[in-house]
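The values are calculated or read from the model by the stated rules, or taken from the named source; none is laboratory data. This one's a predicted model, so the numbers in the text were calculated from it and none came from an experiment. FYI the Cβ positions are ideal-geometry reconstructions off the backbone, even for glycines, and counts take in every protein chain you see.
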Amino acid sequence: MQKTSPGWLIATGGFLAAVSAILTWRFYGSMSTIPLTVSITFWLLAVVCGVAGVKIQGRVDEGLIGQDKTQMNPMTIAFLAMLGRACAWGGAIFGGIYIGISSFVIPRAGELSAASADLPGVIACALGGIALSAAGVYLEKSCEAPPPQSGETIS
């Protein structure tokens, strides 16, 4: 499995921001409101990824990865690496979408009551998507196996 490229995450988020900006500028009157509670999932997943990344990094630094009951199972780390990758991409996708929506909502928050009602939810979702993507990348990096010591062979 290759590492997730931050460049591709940024490019994907930027592309989806442009697409959602175009669609929002055209169809904002037909869209439903965006409540603040939508962002809760992004923020919770970002916290889970961040905490898991810190825990795994501590276990790797202490050499507590292995098959013993006191050690963390390598399969668990592999599953968490996949979770990190999924969260990185999900955060980039949804962060980009909400950044595109914010390009319409933020300038019009003072003149449209619907835009001012959507403003907290849009900002929280955009920031939550960015935080989720960053936490996913951190979790994936934390799950990398350290290189073998010099003179040590991989078996």
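When Ala114, Ala145, Ala78 are checked against the criterion of being at pLDDT below 95, outside any helix (DSSP H, G or I) and on the phi < 0 side of the Ramachandran plot, Ala145 stands alone in meeting it. Scanning segment 65-118 for residues that are within 20 Å of Ala131 (Cα to Cα) and among the aromatic types (Phe, Trp, Tyr) turns up Trp89, Phe94, Tyr98. If you go through segment 1-39 and pick out every residue that is assigned to a loop (DSSP other than H, G, I, E, B) and either under 15 Å from the mean Cα position of the chain (by Cα) or not aliphatic (A, V, I, L, M) (or both), you end up with 7.
You will find that of Ser103, Ser39, the residue that is in contact (Cβ under 8 Å) with a residue 60 or more places away in the chain and under 15 Å from Gly13 (Cβ atoms) is Ser103 and no other. When residues in segment 64-118 are screened for being in contact with a helix residue (DSSP H, G or I) (Cβ under 6 Å, 6 or more places away or on another chain), closer than 27 Å to Gly7 by Cβ and not aliphatic (A, V, I, L, M), 12 of them pass. Taking every residue in segment 126-138 that is under 12 Å from Leu9 (Cβ atoms) and pairing it with any residue that is surrounded by fewer than 24 Cβ atoms within 10 Å (Cβ to Cβ) and of a type in the set (Ser, Thr, Tyr), at least 6 positions away or on another chain, the pairs with Cβ-Cβ distances below 9 Å are Leu132/Thr41; Gly136/Thr4; Val137/Thr4. Here segment 6-32 is the region considered, the condition is being surrounded by 12 or more Cβ atoms within 10 Å (Cβ to Cβ) and hydroxyl-bearing (Ser, Thr, Tyr), and the residue that is farthest from Ser103 (Cα to Cα) is Thr12.
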